[in-house]
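Student: This is the structure I want to talk about, given as structure tokens.
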Amino acid sequence: MKTFARVFLAFCLPALLLPLSLSGKQVTLSGIIKDKTNGETLASVYVFLQNVSEKSEVKGSFSNISGFYSLTVPDGKYYLKISLMGYRTIEDTLFLTSNYTYHVDMEPNPILTKEVTVSAQREDYNVSSVETGKMSMTVEAIKSIPALMGEADVIKAVQLLPGVQSGGEGNSGFYVRGGGADQNLVLLDEATVYNASHLFGFFSVFNANAVKNVDIIKSGMPAQYGQRMSSILDVHQKEGNMKKFEGQGGIGLIFANLTIQGPIKKDKASFIISGRRTYIDWLIQPFLSKNSPMKGTRFYFYDLNAKFNIILNDKHRLFVGGYYGNDVYGFKSNGGGMNAQMHWGNAAASLRWNYIINAQLFLNTSATFSDYDFGTDMKMSVYGFKLKSGVRDYALKSELTYLPAIPHRFTFGVHYIFHRFNPNTYEIAAGEQTQFAMPVATNYYAHELGIYANDEFDITRWLKINAGLRYSHFEHIGAFTRYVQDNTGHVVDSIYYKPGKPVSRHNGLEPRLSARFLLNKQVSIKTSYTLNYQYLHQISMSTVSLPTDVWMPSTDLVYPQTAHQVSLGVYYNFHDNMFETYIDAYYKKMNHLAEYKDGLDLSNVTMNPDQLYTFGQGQSYGIEFFIKKLRGRFIGFAGYTLAYTTRQFDALNGGKPFFARYDRRHDVSISLTYEIIKHKLSASAVWVYSTGNTMTVPTGLYFYAGTIITEYSDRNAYRMPPYHRLDFSIDWTIVKKKRFETGLNLSVYNVYNRQNPFFIYIQTETVLNPQEKEFSLNMQGYQMSLFPILPSITWNFKF
């Protein structure tokens, strides 16, 4: 902590003291920017002032997620311009002689609203900003992308971006620049979402009708973000319409959703409530015969979003939000002898307080709760088996933004989390009595603390810097029992730690640095370096991200993962900023990665789960290409990633490096939308291609001591066939009136019926030769695919 304090003071004092040395009277223009039609605050709005007498001097800034902006300049006469794509530009002339509050209600541009759906930022933001790996998607863009069964999916849309790879069908986990699915921090209104999928990964937990905006950060991560080392997926819910009541919904083949929002008190308080459920289980059961193996099967999910927005006065504002979702999969045998049910779900809640201390100081304080649980309950006759696992967080975060009288944007914050992990709890019973005495599972408890400072500033017109430092501290505490093993793996002793007593401590400094070199108004070069610590681990035995995967903290045996990442890219806009492009190369070095040991014995329940792991390192490098058209009736984007991702563990693959299971050599995505009839009819198409997943396969059989032994290839030495798919959809607005709107979405998933591999299994076949009195064993691979061509139709309405 002393080291951090010294570095922090050296880093912060210049930004804090330099305003005191400025001569001349300084005045501050500040305010809140909102959407005029619904009262929602607007982020990333560009506000700039130009001195009328010195037109070469331009002072610019962006509004934050709460719509707050602040600009400090010498007193004088200024030309003001406020702009955001999709909204009418606001222009004004101001005489600034003292601090002035200027609130803004921006009006959507009816000409552009339907056309501009790809971005909601300043037109040259791609070139002018210092952000190297941040990409944003509007809800309109997400909804325009064809999706499985017509349900707009946030994560599936994010997976189309360069450097972000999907795990394949049946897997909503995503992999960013060579990192694992657990190395992405998924946030919903600042609360962590540990499992972002429904129905084993076919859909994500985010209801697009309740989402306000989506940001993903792949590199150049600012200091205010920590906890994960690959990416941040930051999702914010809508705040509720403060002007009028409105509702929208949709009914599809397997989904129904409904969203209601409106003012509690006009311009002072609002609410939004959104829910959805699948009902395929209700529809098919009446049509199944009594002997059908699907009779009695339950397979559904539901979720609910709610948020309340309260303006206490001009300086104070409260947001209260929540999410709850649950999945259920159950079946029973025809004879009723066996019943099984799995359930998993997320709960998240957040309380956020915004306080405008003065024109230059903005405080955001939040309290969040996150909970994820998974359970299995199986019964056969008098026997029963139960399994439970989960993770729960309680968190507090306070962040102060300081906008001094120089081109600096300074942020300081503190973030504390209390974790509770339940790796696995077992219960086996026979009738009324427990047949097997299972040891009580050990819960893990931990404190996590982050303290950070970040500054974004202009050194010259062409050089912009974002520099930050984060100190992170993690402490595993009791109650906890550590089982001590001998060299053969047998438990010989145990150590008990009382509740609250430290078991292990880990900490580190995480420097962050990004720079933008502006070559001209159209071209810039950006580079970044980040060091991230990750104290949580999710180790999976499967090749896809499943709800059964268990989260584990860093302990005395498990060290935190770390990642060093550097990136260098060229960003170019052309045709009056209608087209955005970039080429970005990256290299990432990862340490203390965890995998299950080869040949582990999961039946040994007297050991701690972290004694099953082995540790190694990894690296990933690649280059991304991206082009996006933002305006016009024909819009869309295309991306290509060339990447290499390897791992090396002393205890795996003979110590030799091997490709990670989510290594993809080539990844291509194309998303296009064309407005056929203005405001009435549009068509969209998505095509994706990616190199097949890696896999380990048996390569031979031989006899040893009368036993058939299977010989395997090197780890992940083979690949599945490549994955590619075309989706298509049509959005037709049938009726559009002032108080009511209705339309249809027709979509086709997997248009050309590609049989993409879900997994490949190897089957050994015995071939007898009676004449020669011998037999042979042949191994044959078989591919399992999930989805053929799937058409769907959804009726959407708005009132």
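The values are calculated or read from the model by the stated rules, or taken from the named source; none is laboratory data. Every value quoted in this text rests on a predicted model; they were computed, and no experiment measured them. Glycine also receives a Cβ, built like all others from the backbone with ideal geometry; neighbour counts cover every protein chain displayed. Note: areas computed on protein heavy atoms with side chains; ligands, DNA, RNA excluded. Shrake-Rupley method; radii C 1.70, N 1.55, O 1.52, S 1.80 Å.
Student: Under 5 Å between amide hydrogens, which residues at least 5 positions from R298 or on another chain qualify, with H placed 1.01 Å from N in the peptide plane?
Tutor: Long-range HN contacts for R298: G330, F331.
Student: Would you kindly derive the ³J(HN,Hα) couplings of segment 726-741 from the backbone phi angles with the Karplus curve 6.51 cos²θ - 1.76 cosθ + 1.60 (θ = phi - 60°), listing them in order in whole Hz, with x for Gly and Pro?
Tutor: 10, 10, 9, 8, 10, 10, 10, 8, 7, 10, 9, 10, 4, 10, 8, 9
Student: Given a Förster distance of 45 angstrom, what is the FRET efficiency for L681 paired with N443, based on the Cβ-Cβ distance and rounded to 0.05?
Tutor: 0.20
Student: A further question follows. Given the whole protein assembly as supplied and a 1.4 Å probe, what does the accessible area of K736 come to in Å², nearest 10?
Tutor: Surface open to solvent at K736 totals about 110 Å².
Student: What number, in percent, do you get for the relative contact order of segment 715-754 if the mean sequence gap of Cα pairs under 8 Å and at least 6 apart is divided by its residue count?
Tutor: Relative contact order for segment 715-754 comes out at 42 percent.
Student: Per-residue HN-Hα couplings for segment 66-76, Karplus 6.51 cos²θ - 1.76 cosθ + 1.60 at θ = phi - 60°, whole Hz, x for Gly and Pro?
Tutor: With coefficients 6.51, -1.76 and 1.60, one gets 8, x, 7, 9, 7, 9, 10, 9, x, 5, x Hz.
Student: Could you derive backbone 3J(HN,Hα) for segment 36-41 from the dihedral phi with the Karplus parameters 6.51, -1.76 and 1.60 (θ = phi - 60°), listing whole Hz in sequence and x where the residue is Gly or Pro?
Tutor: 5, 7, 9, x, 5, 5
Student: How much of the accessible area of the chain, in percent, comes from carbon and sulfur atoms when a 1.4 Å probe is used?
Tutor: With neighbouring chains kept in place, the figure for the chain is 60 percent.
Student: So which of K34/K628; K81/K680; K156/K266 end up more than 31 Å apart, counting from Cα to Cα?
Tutor: As for pairs spanning more than 31 Å Cα to Cα, those are K81/K680; K156/K266.
Student: OK, next. Tell me the Rg and the Dmax, in Å, that the Cα atoms of segment 340-431 produce.
Tutor: Both quantities, over Cα of segment 340-431: 22.2, 75 Å.
Student: Using only helices, what value at 222 nm comes out for the chain when you add -39,500 (n - 2.57) per DSSP H run of length 4 or more and divide by the total residues, to the nearest 500 deg cm²/dmol?
Tutor: -1000 deg cm²/dmol
Student: Using a ≥ b ≥ c from the Cα gyration tensor of segment 689-799 (square roots of the eigenvalues), is it rounded, prolate or oblate, where a/c under 1.5 gives rounded and otherwise the larger of a/b and b/c decides, a/b for prolate?
Tutor: prolate
Student: Moving on to the next point. Under a Cβ-Cβ cut-off of 15 Å, what is the net charge of the residues other than A359 that fall near it, where Lys and Arg count +1 and Asp and Glu count -1?
Tutor: +2
Student: In Å, what is the Rg of the alpha-carbon atoms in segment 482-589, and how long is Dmax?
Tutor: 22.8, 72
Student: Here is a further query. Not counting ligands, DNA or RNA, and with a 1.4 Å probe, what is E140's accessible surface area in Å² rounded to the nearest 10?
Tutor: 110
Student: Rounded, prolate or oblate: which one fits segment 177-229, using the alpha carbon gyration tensor with axes a ≥ b ≥ c (rounded when a/c is under 1.5, else prolate when a/b beats b/c, else oblate)?
Tutor: Verdict is oblate for segment 177-229.
Student: Can you give the relative contact order of the chain as a percent, counting alpha carbon pairs under 8 Å and 6+ residues apart?
Tutor: 10
Student: Any idea what % of Cα-Cα pairs in segment 594-702 are farther than 16 Å?
Tutor: Tail fraction, whole percent: 73.
Student: Say R0 is 30 Å: what FRET efficiency, to the nearest 0.05, do M378 and Y324 get from their beta-carbon distance?
Tutor: 0.75
Student: Round to the nearest 10 and give me the degree value, 0 to 90, for the angle of helix 2-17's Cα axis relative to the longest principal axis of the chain.
Tutor: Orientation of helix 2-17: about 30 degrees from the principal axis.
Student: Can you give me the long-range amide H partners of R725? Hydrogens built in the peptide plane at 1.01 Å from N, cutoff under 5 Å, separation of 5 or more residues or another chain.
Tutor: Amide H neighbours of R725: V688.
Student: Of K36/K798; K25/K521; K244/K629; K143/K307; K212/K588, which sit over 28 Å apart, Cα to Cα?
Tutor: K25/K521; K244/K629; K212/K588
Student: Another question, then. On a straight-distance basis, which lysines could pair with K589 in a cross-link, Cα separation under 24 angstrom, same-chain partners fewer than 8 positions away excluded?
Tutor: Output for K589: K134, K218, K526, K597, K656.
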